[in-house]
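The values are calculated or read from the model by the stated rules, or taken from the named source; none is laboratory data. Remember, it's a predicted structure, so these values are computed and weren't measured experimentally. Counting neighbours? That spans all protein chains shown, and the Cβs are built from the backbone with ideal geometry, glycine included. Surface accessibility is based on the protein's heavy atoms, side chains included, excluding ligands, DNA and RNA. Shrake-Rupley method; radii C 1.70, N 1.55, O 1.52, S 1.80 Å.
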Amino acid sequence: MPSPEVFGSASQQSMMRKAHALWQLVKDDKRFQSHGRVVGLNAVECDDIDIHTALVRLQGVAAINEIPANAAPAYRQKLKAMGFKTDQFETWAGGEEALKASRAAVQNARLPPELSVVAVGARTPAKSLLALGDFTQSCDVLPPMGAFMRGHERPSVCLFAQDATGLPVGCAATVAARHPSSQNAEQAWWGMLATDVERRGEGIARQLGARAMIAMHEQHGFNAFFTGIRKGNTASERLCT
């Protein structure tokens, strides 16, 4: 099996290599999902805490998506009682209204003229993804594995804006993280939003995020998207709204 393109710190790269190997075993099982960082559990199909914790032990970390809000506190308490650390993100989702808002965002604003948009694909040079990985790390964002950004493992769109020197200054991505036969397969994961600290306030993430949604719809037929936001992250809440 070819060595996967992975990013981040040494421990993050090790985690992603384990996830890549595990994904080869479970990607045809609708209980599991991944947008390219680690393998997680889709609670709509399976909320077995023993399977969830097995994923954590194998990879070091694993999410379970779609736990109902009223069930989350008890679930987290069980994990803590088993010795696990936990974190929680609120699921934000949108359908046709999200696409409508994205089209309006693209029509009503433009990227700064000196920026060009690059779509990651099978022929994107490895050095370009390494540069993208270095950039996202500077924004505390871990990108998915190269195979997911390139669309090899699941349908996806990954866009980044680069300046006149060729350096990335913003990015966004969307991946069909869920198995196509799962109950919530119509929703694609959306995220990896990052903007260079010197260029924040120029609407770069908004433009790239909107373009990624539109491209995912036009190229792969997705009409709905979801993402996770830690409660109280007002910057992300504003952008996603």
*Of the numbered conditions (1) part of a loop (DSSP other than H, G, I, E, B); (2) touching a Ser or Thr at 6+ places or on another chain (Cβ under 9 Å), Thr165 fails exactly one; give the number of that condition.*
(2)
*Might you let me know whether region 15-24 holds any residue that is of a type in the set (D, E, K, R) and either over 19 Å from the mean Cα position of the chain (by Cα) or closer than 23 Å to Ala185 by Cβ (or both)?*
no
*Taking the options Ile229, Ile204, name whichever one is among the β-branched types (Val, Ile, Thr), open to solvent by less than 20 Å² (accessible area, probe 1.4 Å), out of contact with any helix residue (DSSP H, G or I) (no Cβ under 6 Å at 6 or more places or on another chain) and on the phi < 0 side of the Ramachandran plot.*
Ile204
*Going by the conditions given, is Gln107 in a helix (DSSP H, G or I), closer than 23 Å to Gln13 by Cβ and open to solvent by 20 Å² or more (accessible area, probe 1.4 Å)?*
no
_Within region 159-177, considering residues that are polar (S, T, N, Q) and open to solvent by 10 Å² or more (accessible area, probe 1.4 Å), the one farthest from Leu239 (Cα to Cα)_ = Thr165
_Among (1) on the phi < 0 side of the Ramachandran plot; (2) touching a residue at least 12 places away in the same chain (Cβ under 8 Å) - the single one Gln13 does not satisfy_ = (2)
*Hey, could you check region 25-38 for residues that are assigned to a loop (DSSP other than H, G, I, E, B) and buried (at least 22 other Cβ atoms within 10 Å of the Cβ) and say which is farthest from the chain's Cα centre (by Cα)?*
Val38
*Subset tally (residues that are free of Cβ contacts under 8 Å to residues at least 60 places away in the same chain and either assigned to a loop (DSSP other than H, G, I, E, B) or within 14 Å of Ser181 (Cβ to Cβ) (or both)) for region 39-48*: 5
*First in region 217-241 and assigned to a helix (DSSP H, G or I), second anywhere and exposed (fewer than 14 other Cβ atoms within 10 Å of the Cβ), Cβ under 8 Å, 6 or more apart*: Ser236/Arg230
_Near pairs, Cβ below 7 angstrom, 6+ apart or cross-chain, from region 115-127 (assigned to a loop (DSSP other than H, G, I, E, B)) to any residue that is among the polar types (S, T, N, Q)_ = Leu115/Gln162
